[in-house]
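A quick write-up on the structure given underneath.
The values are calculated or read from the model by the stated rules, or taken from the named source; none is laboratory data. Just so it is clear, the structure is predicted and the values come from calculations on it, not from any experiment. Cβ sites come from the backbone with ideal geometry, for glycine too, and all protein chains shown count toward neighbours.
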Amino acid sequence: MKTIMVDMDEVLCIGGHLGIVNKFLNTNYKIDDLPGYYTEDLIPKEHLQEYYHFFETQNVYDYVSIIPDAIEVLKKLSKKYQIFICTAYYSDMYEMDQSRCLVDKYKWLQKNFPFINPYQYVFINDKSLLNCDIKIDDRLSNLKGYGEQKYLFDSYHNQQISNEELKQEGAIRVSGWKELETILLKEE
Ligand SMILES: [Mg+2]
């Protein structure tokens, strides 16, 4: 069986951090309002410390929506491929304890993707270490390293990545799970 690296944030689910920002600011920002990848950019600098304290008390995955068709397509793919959910839970841009994020990710995956065994969860920052045959991620830098087929999952923050950059990484942009289904489940 070929192996597939599947990213979690912005590939299986979206909107968690934005939901927390909206709760903190009492606003109703949408994904398209974001200036870049990081939702924290919406927080005025003088409130950032306070925001981090609030963030520590929240479960990001209470606020997410599932990306359309992710469950259905991944279920089909898991019959033909060995799926690994490969996701980072720690970022040194936040000066706070992030251990709950690991637990929250684990529980959300268990609840929403019960057909994927926790043996196949990989919590990792440097995904170039992974030798999966197929890689799916919304960040081009996470597609580095080995991979026969690399797919950049279309997202609000990666629109500016040029075809030239994709080509250099040997990656193809895909619009979503339906397109991945067509590509990865077509008869060979
Ligand atoms: Mg991601």
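Out of the residues in segment 2-29 meeting the condition of being part of a loop (DSSP other than H, G, I, E, B) and farther than 21 Å from GLN149 by Cβ, tell me which one is nearest to the ligand (Cβ to nearest atom).
GLY15
Can you say whether ILE172 is β-branched (Val, Ile, Thr), over 27 Å from ASN59 (Cα atoms), touching a helix residue (DSSP H, G or I) at 6+ places or on another chain (Cβ under 8 Å) and surrounded by 19 or more Cβ atoms within 10 Å (Cβ to Cβ), as far as the supplied structure shows?
When the stated conditions are applied, ILE172 does not pass them.
Take segment 155-177 and flag every residue that is away from the ligand (no atom under 12 Å from the Cβ), part of a loop (DSSP other than H, G, I, E, B) and not small (Gly, Ala, Ser).
Once the filter is applied, which keeps residues that are away from the ligand (no atom under 12 Å from the Cβ), part of a loop (DSSP other than H, G, I, E, B) and not small (Gly, Ala, Ser), segment 155-177 yields GLN159, GLN160, ILE161.
Could you grab me the full set of residues in segment 142-188 that are more than 19 Å from ILE31 (Cα to Cα) and of a type in the set (Ser, Thr, Tyr)?
The answer is TYR146, TYR151, SER162, THR182.
Within segment 94-119, which residues are under 16 Å from the mean Cα position of the chain (by Cα) and of a type in the set (Asp, Glu)?
ASP104, the sole residue that qualifies.
Within the group TYR81, TYR29, TYR90, which residue is more than 24 Å from LEU143 (Cβ to Cβ) and hydroxyl-bearing (Ser, Thr, Tyr)?
TYR29
Can you find a residue in segment 137-154 that is part of a strand (DSSP E or B), closer than 21 Å to ALA88 by Cα, touching a residue at least 60 places away in the same chain (Cβ under 8 Å) and touching a Phe, Trp or Tyr at 6+ places or on another chain (Cβ under 8 Å)?
Yes; the residues of segment 137-154 include at least one that is part of a strand (DSSP E or B), closer than 21 Å to ALA88 by Cα, touching a residue at least 60 places away in the same chain (Cβ under 8 Å) and touching a Phe, Trp or Tyr at 6+ places or on another chain (Cβ under 8 Å).
So which of GLU95, GLU56, GLU50, GLU72 ends up being farther than 30 Å from ILE183 by Cβ, of a type in the set (Asp, Glu) and in the same structural domain as MET8 (by TED's automatic domain parsing)?
GLU95
Take the residues in segment 65-79 that are in contact (Cβ under 8 Å) with a residue 40 or more places away in the chain and within 12 Å of ILE116 (Cα to Cα); name whichever of them is surrounded by the most Cβ atoms within 10 Å (Cβ to Cβ).
Per the stated criteria, the residue is LEU74.
Condition first: among the polar types (S, T, N, Q) and within 15 Å of the ligand (Cβ to nearest atom). Now tell me which residues in segment 86-127 satisfy that.
Residues satisfying the conditions are THR87, SER91, ASN125.
Name every residue in segment 11-31 that is of a type in the set (Val, Ile, Thr) and either closer than 25 Å to LYS135 by Cβ or touching a residue at least 40 places away in the same chain (Cβ under 8 Å) (or both), in order of residue number.
Selection gives VAL11, ILE14, ILE20, ILE31.
Considering each residue of segment 104-135, count those that are surrounded by 20 or more Cβ atoms within 10 Å (Cβ to Cβ) and touching a Cys at 6+ places or on another chain (Cβ under 9 Å), and give that number.
Qualifying residue count, segment 104-135: 4.
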